1. Along each principal axis of its Cα atoms, how long is region 394-530 end to end? Whole angstroms, biggest number first, please.
2. What is the angle, in °, between the Cα long axis of helix 7-23 and the longest principal axis of the Cα atoms in the chain? Nearest 10 is fine, range 0 to 90.
3. Could you tell me the largest-minus-smallest coordinate of the C-alpha atoms of region 523-574 on each of the three principal axes, in descending order and whole angstroms?
4. So, R0 is 51 Å and r is the distance between the beta-carbons of residue 359 and residue 719; what FRET efficiency does that work out to, to 0.05?
5. Looking at the chain, what % of its DSSP beta bridges pair antiparallel, to the nearest 5?
6. By how many nm would the segment from residue 396 to residue 695 lengthen if fully extended, with 0.36 nm per residue of separation less the alpha-carbon distance?
7. May I ask you to order 378-386, 232-240 by the average number of other C-beta atoms within 10 Å around their residues, highest value first?
8. How many times 2.2 N^0.38 Å is the alpha carbon radius of gyration of region 137-231?
């Protein structure tokens, strides 16, 4: 009809309107406040204010720092960019262009953590307080093994024995209540319930994740006081190699090396080494050493292959240690002596399978571990140097433990979903062989199911309940509940609270020991119950980032009610057996403060540990305190490239409670002492060569006042060795 607009005119009009509307879309630009330059690839999260479903959109700025808002109307936005302070604002829907200037801020990059997490993430997002010791921390301390690395950490104490090796305690509780993992696989081979951290070498370790508190829901027995997870370096595609040399004061000589390469979808990594300690005594001419000579050989092989959306990895590691306890020459001619040899062997094999999607994760781990320990006693002629095995009953002993493990975990981990959860199974079978086990061979099986869920009803609040139930072939397993809460009070302040039931299963030794000779009558107890605990934890974390520095502070407190405690008790005369006896209560609090700039890092911390026994009506004093204080520092001098490191810890006087041969409660003690290390290092040839020199045990500490008793061998009073004096070291690492 005449006068009516044509189809072409209508189409042009609609196109004009569309272009105008598109042109009115909300656009933002992100720039630096220092120079006004655009910030490309900044992350911008848009959240419509009127949305009833709470959806959000993540957009990355283009090369000009620009981004288009994908929603109409009033929109909340959050802009983040590495090295700059984040910005939160609201778009009204009327502005066509909004420009945001981000202020530079010191970067506080933290490694991703995996222990007790649904997926790898920042320690700040963890439901429980978690400390991470990186490869840089290991190198700056010149730490050869786990004992070296942990000895200056808050709430962790190291004790050493010439025969049994080192042991550690966490939150006042002994090492038999601490779980030690390598890539999530538990280590076996406990002596008197303790794993020797001096046997755990760090040469192939990328980082160590430490959780001080119970993780019995996730990891079962022994994870009552804390869990330490060592994460190994994974094989890479690029060819690489390294050699590491370490020498200390004429009695430590260590060497190790490794290489890795990729071939198609396969990556391979090899590593081996030797650690040698010549022994130490205040009298250099003495045959009997205060610290026994020790030699270790170790190696590992890792293979990794990428599959369609998945990854499979195999690791095999072996370890051999020889400790030589030379006896003092025998009177009257001083031409003979008794020597003891302690040989430890470990053979650990594991397979890891992992597959991750947008909303799920599946992880399967299988492991076979072997641990053996052989003790031999020799009569040695110091003139001819001939040795003969002694024939006295009990002089020779060998023990072997095999453990089979299969663990599978499914996780539903959709981002931004209010609910996330995991379901898992944990199957373990352990066998033991030895003359001191009743019948010569014993076994124990533990088969568990566990589940947990993370509920985030609000963006700043998360609650995580969990439950574990196990069936054990030798004792009644308790039901293990737990719940934790994480509340972000502000951008700088995070509150964490948790309750968990912990437990420790009786070991095969405690259940089945049969050690009878002319001097001993020690027997296990098949009727033992699992040790249990109720654990309460609270932590408050603060972080403030400035333009050139970052400040961190954390306050933590805990209370542990520990019952069904397994102890070795006298049955009268020289007869002893394990029994569940009484309870212990532990509590403590500590505070730490860290300051970091590009060149300087300082960290100080202090706290108190308290413990109180409650043993069948015995009258004991109130909670006995034990203080500790740490001070660590690293300084980088940019002009010369030198790095200076300093580590100090004061470990306060601690009481130990036990029953003597008359079944009376007594308290022993170890006096307080100071330890410090200092070193200087420099890298060369584009960071490929690193040379470090320093002093360990700066205060020349050797022993402290002590009274230490054992139920069987009585009291050792006077002095307790804690170090072998001041020593100088050199550390060289070359990378290709």
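1. 67, 28, 24
2. That helix lies at roughly 40 degrees to the long axis.
3. Here the Cα extents, ordered largest to smallest, are 69, 22, 16 Å.
4. Here the calculated transfer efficiency is 0.25.
5. Antiparallel bridges make up about 95 percent of those DSSP assigns within the chain.
6. Length gained, residue 396 through residue 695: 103.7 nm.
7. Ranked from most to least packed, the peptides come out as 232-240, 378-386.
8. Taking the Cα Rg and dividing by 2.2 N^0.38 Å, one obtains 0.98.
Since every read-out is calculated from the coordinates, none of them should be taken as a lab result. Quantities reported herein were computed from a predicted structural model and do not represent experimental measurements. Neighbour counts run over all protein chains shown; Cβ positions are idealised from the backbone, glycine included.
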